[in-house]
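Data block below; observations after.
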Amino acid sequence: MDEWKLRPATDIGLPPTERLRSLRRESGLLSTGMHLAWWTAVRGYLAAWHRLEITGREHLPAGPPFVMVANHSSHLDVLALAAPLGRRDRDRIFPIAAGEVFFETPLASAFAAGMLNALPMWRKKCGPHALEELRRRLLEEPCGYILFPEGTRSRDGRMAGFKPGLGMLVAGTNVPVTPCHLEGCHRALGPGQRWPRPAPIRLRIGAPVSFESVADEREGWLHVAVTTEARVRALAPADPGPPDAAVAREMNGWP
């Protein structure tokens, strides 16, 4: 048995605003309570308003470290992806969110950190240093990340290619990556919509894959991106063809 050691929090001494935006941020008693209350409410909201249906629950991560990835077309994606995860590790599960959107102001930072427990990724500063810090935390803490490798929300609901940043996090490690596919989030709250429609959401969870034997270099990062993208696409339902007139009208406005 390893000897227990007391270590100081890595975010001690940071100013409040900087702490909210820090990749080293840790949870205290207050934030733990806020996380539990928030995700309990989210579970109820998704069940009641969007009739969230989940398949593949047996593939949910048992605990950190892990990375969950999915297609991205709505702000509801992170809620649907994180909601079924266990409460016990809630403080160690971090959605990776766009800094320009969720951490631009102190109020937005407080919501993203206090409720979602999100960590920022600044698109203009998404270099090797930031990803190396996230990789180190993933392995040393350990923790779990929720990540959307497309890098931004799809405007038309169609999935784009995955970027190699995911590979920079997991290549050469035994951290499992759990591929997931979300259906219905774009219809419920697509880009440009102000309020969510009561559209059903379905989450499909696939078997995890690890990339321990993949080299931690550019070719390896691209291999991770291509492999996980293919696994997410494989979870998508077959294209049923163009919608009929009634469904088309519903998709363009309230039922």
I'm trying to understand the selection: among the residues of the range 82-120, which are acidic (Asp, Glu), under 21 Å from Arg137 (Cα atoms) and not in a helix (DSSP H, G or I)? Asp89
Which listed residue, of Ala160, Ala230, is aliphatic (A, V, I, L, M), assigned to a helix (DSSP H, G or I), open to solvent by less than 80 Å² (accessible area, probe 1.4 Å) and free of Cβ contacts under 8 Å to residues at least 12 places away in the same chain: Ala230
Output for Cβ contacts, cut-off 8 Å, separation at least six or different chains, first residue free of Cβ contacts under 8 Å to residues at least 12 places away in the same chain in the range 175-195, second buried (at least 23 other Cβ atoms within 10 Å of the Cβ) and hydroxyl-bearing (Ser, Thr, Tyr), reads none
Output the number of residues of the range 185-196 satisfying the condition of being in a loop (DSSP other than H, G, I, E, B) and buried (at least 18 other Cβ atoms within 10 Å of the Cβ). 2
Residue in the range 29-36 that is open to solvent by 60 Å² or more (accessible area, probe 1.4 Å) and either under 30 Å from Ser210 (Cα atoms) or not in a helix (DSSP H, G or I) (or both) present: yes
Tell me which residues, restricted to the range 63-72, are in a loop (DSSP other than H, G, I, E, B) and crowded, with 16+ Cβ neighbours inside 10 Å. Pro64, Pro65, Asn71, His72
Among the candidates Ala37, Ala47, single out the residue that is aliphatic (A, V, I, L, M), at pLDDT 95 or above and more than 30 Å from Met168 (Cβ to Cβ). Ala47
Quick one: what pairs do we get from the range 42-62, first residue at positive phi and surrounded by fewer than 16 Cβ atoms within 10 Å (Cβ to Cβ), second at pLDDT 95 or above and assigned to a loop (DSSP other than H, G, I, E, B), C-beta under 6 Å, 6+ apart or different chains? Arg51/Pro200
Would you tally the residues in the range 89-122 being within 18 Å of Asp77 (Cα to Cα), of a type in the set (Phe, Trp, Tyr) and open to solvent by 20 Å² or more (accessible area, probe 1.4 Å)? 2
Matching entry among Leu182, Leu222, Leu203, Leu166 (being closer than 26 Å to Leu23 by Cα, in contact with a strand residue (DSSP E or B) (Cβ under 7 Å, 6 or more places away or on another chain) and either charged (D, E, K, R) or not in a loop (DSSP other than H, G, I, E, B) (or both)): Leu166
Go through the range 126-155 residue by residue and tally those that are free of Cβ contacts under 8 Å to residues at least 24 places away in the same chain and open to solvent by 40 Å² or more (accessible area, probe 1.4 Å). 3
Is it the case that some residue within the range 211-219 is open to solvent by 30 Å² or more (accessible area, probe 1.4 Å) and under 30 Å from His50 (Cα atoms)? no
Taking the range 38-79 and keeping only residues that are touching a Lys or Arg at 6+ places or on another chain (Cβ under 8 Å) and over 29 Å from Arg194 (Cα atoms), one is left with Gly56, Gly63, Pro64
Looking only at the range 168-218, how many residues end up being among the basic types (Lys, Arg) and within 20 Å of Glu150 (Cα to Cα)? 4
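The values are calculated or read from the model by the stated rules, or taken from the named source; none is laboratory data. Computed from a prediction, not measured in an experiment: that's the story for all the values here. Heads up, the Cβs are rebuilt from the backbone with ideal geometry, glycines too, and the neighbour counts pull from every protein chain shown. All accessible areas refer to the heavy atoms of the entire protein, side chains included, with ligands and DNA or RNA removed. Shrake-Rupley method; radii C 1.70, N 1.55, O 1.52, S 1.80 Å.
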